[in-house]
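Report on the structure given below.
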Amino acid sequence: MKYRTVFAAIVILLGLAAQLFAAEVEDKFKEGQELLDAWRISQAEELAVKSLRDNPKSPDALDFDARVKFYQGRYQEALASIDRALTIDSNVKQRQGLKLLSQFTVDVIKTLKRYESAHFVLYLDEKRDGILATHALDALEKSYQAVGAELGYYPKEKVRVEVAPDAPSFNAISTLSLRDIEETGAVGICKFNKLMIISPRALSLGYRWVDSLSHEYLHYAIVGLTNNQAPIWLHEGMARFYETRWRKPVPPKEAAEDYLTPANQTLLVQALEKNQFVGFKKMEPSLIHLETPEQVQLAYAEAASAIDYINQSKGKAGVRELLATLNETSTSEAISKVLGLSFDAFEVQWKNFLKQKGLKEIEGTRVRRLKVKKDQNEDQEIVELKEIQSAVARNRTHLGDQLSNKGRTVAAANEYQRALQASPHSPIILNKLGRVLIQMNRYPEALTPLKKALDLDPDNGGTYVQLGRIYHATKNYQETKNALEEAIQINPFNPLIFKLLTEVYASLGEKEKAQLAKASLDKLLGAN
């Protein structure tokens, strides 16, 4: 209760700040805000400097100066400027909102450590999230190259990235709420000229945090390429379609279904059968305003498949031309120019494209609801049990857990098998069965439930850990490496991942990676 009360208080305090940069501004600074929102920060700074030079005591000029500094990541200076404006005139709500946002951001960022790579500046909590830094920067640099190759975008300035260590901190710097995280899966955002995500450690089962970094970087690129003129469906569609290119580069004409999870594919099949789509217009102004996680994921699938259609129809050049054209005209006119179709005809052709893909409903899949940890020491078994929908399966699984904890592995395996009779498509139960079979050294047998779990939910980090254990035990080190590196991309806070990787990298002759894995293991175990 205390956790939610604190979170709710922050949401209320940021109510003004959440709308701050979308608020009406004085006409002479409207152009300046548009420059900021299009990442044209240098031009916005020139305007701010000139305005303050002309009228150093103008609260509106000080407001705009604070915004520019905020977008530059100069939060303390932004706070100083807004304080000066409030001293002159404290009755403007947006000004008060900027003060709150700046103060909250200063309070969060001062606890984070700076890391840097060729094209990114990363801030995160060294003590709790230090193990993320190397993986985050490596993936971001690969995204920089992959997105550049696809879209032709290479930002001149280093891109700022902030990893919030917990949900209240994430809300404070991003203005996204607990509801946004748990109901719509909003774990990252590209806003204020930076990328922001929440640490996977803050969620009960983690999430695809590395892909989320890539996803938000794509938003950053789209803003830069279109002068912030792209509609939400194109933003989210492109971000979803290309977000895995950093790790799964594919030729443009063979961009299979990487962007469709089993749940996404199932939702699209159902939408086609019932002709019940979210629709591109309903996605505005943001997917977080949709009512259910299923609607959000269907919207992502619709938008990404539309990008797939454009990509396969016109190729890389067509996608680039569409983005460039959005600089000059409306979305409908851009579609007409690039595809030779009215927007209505484009939607018809896209749906025909979907029908021809031969998508199939995958039995047992469902949209995962993310859960923020209310306690860093929460009981993992309790969390997993709550994910099981069938009461009968839940009770049998609980009994299996108790037997497993007492070392009665055979009896535990039997109970998990019985639980699967009531809930045959539960990745949680399938993982538990795989784990207890591993404990009995029944490795080939354990592969069956684990691979089924992976087919149902390829974003469950626990499945990759269990597969890594099997491959390690059978000395298949390359597959061990593949599975455990995948686990890092979802929930890297399991020491077993790095313990096994330390051995595997050494066996494969990758000494530097072995040292990094050992360092991560030491951090997780609290070693100096």
Original post:
within 17 Å of residue 237 (Cβ to Cβ), basic (Lys, Arg) and not in a loop (DSSP other than H, G, I, E, B), is that true of residue 355?
Top reply: no
Subject >> Unmet requirement for residue 175, which otherwise passes all of (1) on the phi > 0 side of the Ramachandran plot; (2) modelled with pLDDT of 95 or more >> reply: (2)
Original post:
Does any residue of the range 102-119 turn out to be assigned to a helix (DSSP H, G or I), touching a strand residue (DSSP E or B) at 6+ places or on another chain (Cβ under 7 Å) and modelled with pLDDT of 95 or more?
Top reply: yes
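In this structure, is residue 331 more than 30 Å from the chain's Cα centre (by Cα) and at pLDDT 95 or above? It would help to see each step written out before you state the result.
Working: more than 30 Å from the chain's Cα centre (by Cα): no; at pLDDT 95 or above: yes.
Against the criterion (more than 30 Å from the chain's Cα centre (by Cα) and at pLDDT 95 or above), residue 331 does not qualify.
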**OP:** Considering every residue within the range 444-463, establish whether at least one is in a helix (DSSP H, G or I), surrounded by fewer than 22 Cβ atoms within 10 Å (Cβ to Cβ) and acidic (Asp, Glu).
**Re:** yes
**OP:** Would you mention how many residues in the range 312-342 are part of a helix (DSSP H, G or I) and either polar (S, T, N, Q) or within 25 Å of residue 38 (Cα to Cα) (or both)?
**Re:** 21
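Among the residues in the range 143-151, are any within 25 Å of residue 241 (Cα to Cα) and of a type in the set (Phe, Trp, Tyr)? Spell out how you get there, then give the answer.
Step one: of the range 143-151, the residues within 25 Å of residue 241 (Cα to Cα) are 143-151.
Going one step further and asking which of them are of a type in the set (Phe, Trp, Tyr), we end up with 144.
Yes - at least one qualifying residue is present in the range 143-151.
With the condition kept exactly as written, say whether any residue in the range 409-418 is under 26 Å from residue 244 (Cα atoms) and of a type outside the set (Lys, Arg). Talk me through it step by step, then tell me what you get.
To start, the set of residues in the range 409-418 that are under 26 Å from residue 244 (Cα atoms) comprises none.
Scanning the range 409-418 turns up no residue that is under 26 Å from residue 244 (Cα atoms) and of a type outside the set (Lys, Arg).
In the range 389-433, what residues are part of a helix (DSSP H, G or I) and among the small types (Gly, Ala, Ser)? Write out each step before concluding.
Of all residues in the range 389-433, those part of a helix (DSSP H, G or I) come to 391-405, 409-422, 427-433.
Once the filter is applied, which keeps residues that are part of a helix (DSSP H, G or I) and among the small types (Gly, Ala, Ser), the range 389-433 yields 391, 393, 400, 404, 411, 412, 413, 419, 422.
The values are calculated or read from the model by the stated rules, or taken from the named source; none is laboratory data. Note that the coordinates shown come from a computational prediction; the quantities given were computed from them, not determined experimentally. Neighbour counts run over all protein chains shown; Cβ positions are idealised from the backbone, glycine included.
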